[in-house]
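Below is one structure, written out as structure tokens; comments come after it.
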Amino acid sequence: MKSEEVRAKHREYLFPSCANYYAEPVVLESGKGVRLKDLDGKEYLDFFGGILTVSLGQAHEGVNRALHAQIDRLGHTSTLYPTLPIVELAEKLVSLAPGKIRKAFFTTSGTEANETAVAAAQVYTGRQEIIALRHGYSGRSLLAQSLTAHASYRAVPTQVAAIKHAHAPYCYRCPFGLEYPSCEVRCARDIEELIQTTTTGAIAGFLAEPILGVGGFIPAPAGYFEIAVGIIKKYGGLFLCDEVQTGFGRTGTKMWGIEHHDGVLPDILTMAKGIANGLPLGATLATSEVADAWKGGNISTFGGNPLSAAAANATIDAIVGEKLPENAAAMGRILREGLLVLQEKYPKRIGDVRGKGLMQALELVQDETRKDRTPSPGATLRLFEETRARGLLVGKGGLYANTVRIAPALNVGRADVLEALRILDDAFAAIEAR
Ligand code: PMP
């Protein structure tokens, strides 16, 4: 079968809302590391990793060996039976988690990890109200759609009344029109008024991503989480940290994105994506106090299934054993420097370069040189087609669909980063020449 036939069947049999990238979607067929091939034999350099999920690249030998061994031994049990891989994984995650996190609950996606986190916070505090962030993304269930603050991801008006959205720490488009640091992190301080004016004053918690991922890789500036979480604690809430995109060394040097904010300790940590190199797995970690408060039944048929857990154990062993958070920092530096060079070369189009480690983004605008920060989703689309034609896959994001998200596997090498930068350069040259 050729790519065109697959695209035709996709159009015929899948929900149209299950949208693909590119005017002619890429039908990926095989891959090794960051090198992918489509059904027609065209090769690509993968700098999005299945949305920051394939942490070690495709067909990783260690992960595949663990998977083969596990599927030949035991494929599924449900959470009703303890298994070797699930306890090994729980112990590993707890040993890597910050602060007083001691227990894990497994599901199969980031959405469920966040659902579990919110329920755990509500059970523990006996309260309902949750503060989330504008530009945040929490998943696709009705609760997660309500936590998510992007109109385009809200299929129905599912606003759960107990959720209030705080301003995002989006410095490039500061919601208060201020400049960091003279702003004194007004967006964080504003959470106090949000609680005082829109809640009962007794909140269950604050759910936030250390770097807003789908929002366009928007990192919170230094000081943000110290202030925000301080306010949350003052009003009796828990801090629910969503590490679905930022976890497992993605941000460089540290295992978790929140660890870049000294002394800020989550009560609940959620993760998925990069945990198992592509196998479906979500995890909600919590302090013993929080986990122990959940007395009711709590089952997830596929949660922490032996295959995903075995893949996760092998993935995390490689991340730790091969010091991949360090590699993410080193390669992230080269990537960032290259992106800043591109910004100098294309000053009109590239408004902002931001991110941490191997989680870097470009926000494209109409004309930054004239301070016209009007988002340019059109240029972003054109850049997508030009990079695809040259064999580079990147991601898109941002409320205005004008952010290019770049996030290769954590074990990517220097030559691949330089090649991706070269292709981006050529692609920008092509769209600017038109
Ligand atoms: N949280 C964040 C920060 C995410 O980026 C995502 C997925 N993009 C989710 C939660 C939901 O994860 P999933 O798609 O696995 O349900």
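Just one residue in the set T270, T315 is touching a helix residue (DSSP H, G or I) at 6+ places or on another chain (Cβ under 7 Å), within 14 Å of the ligand (Cβ to nearest atom), of a type in the set (S, T, Y) and open to solvent by less than 50 Å² (accessible area, probe 1.4 Å); that residue is T270.
Inside the range 256-265, residues that are within 14 Å of the ligand (Cβ to nearest atom) and not aromatic (F, W, Y) make up a count of 2. The set of residues in the range 98-136 that are buried (at least 22 other Cβ atoms within 10 Å of the Cβ) and among the aliphatic types (A, V, I, L, M) comprises I101, A104, A113, A117, V118, A120, A121, I130, I131, A132, L133.
Looking only at the range 191-209, residues that are over 10 Å from Y235 (Cβ atoms), in a helix (DSSP H, G or I) and either in contact with a Cys (Cβ under 9 Å, 6 or more places away or on another chain) or among the β-branched types (V, I, T) (or both) come to 2 in all.
Taken together, the residues in the range 180-214 that are buried (at least 24 other Cβ atoms within 10 Å of the Cβ), touching a Phe, Trp or Tyr at 6+ places or on another chain (Cβ under 7 Å) and among the small types (G, A, S) amount to 2.
Test each condition in (1) in contact with a helix residue (DSSP H, G or I) (Cβ under 7 Å, 6 or more places away or on another chain); (2) closer than 18 Å to F239 by Cβ; (3) within 16 Å of the ligand (Cβ to nearest atom) for H165 and report the one that comes out false. Of (1) in contact with a helix residue (DSSP H, G or I) (Cβ under 7 Å, 6 or more places away or on another chain); (2) closer than 18 Å to F239 by Cβ; (3) within 16 Å of the ligand (Cβ to nearest atom), only one is false for H165: (1). State which residue is most open to solvent (accessible area, probe 1.4 Å) when the search covers only the range 380-421 and only residues that are within 19 Å of K345 (Cα to Cα) and in contact with a helix residue (DSSP H, G or I) (Cβ under 6 Å, 6 or more places away or on another chain). Selected residue: R382.
The values are calculated or read from the model by the stated rules, or taken from the named source; none is laboratory data. What you see is a predicted model, and the numbers here were worked out from it, not measured in a lab. As a convention, Cβ positions derive from the backbone with ideal geometry for all residues, glycine included, and neighbour counts pool all protein chains shown. We work out accessible area using only protein heavy atoms, side chains counted, and drop any ligands, DNA or RNA first. Shrake-Rupley method; radii C 1.70, N 1.55, O 1.52, S 1.80 Å.
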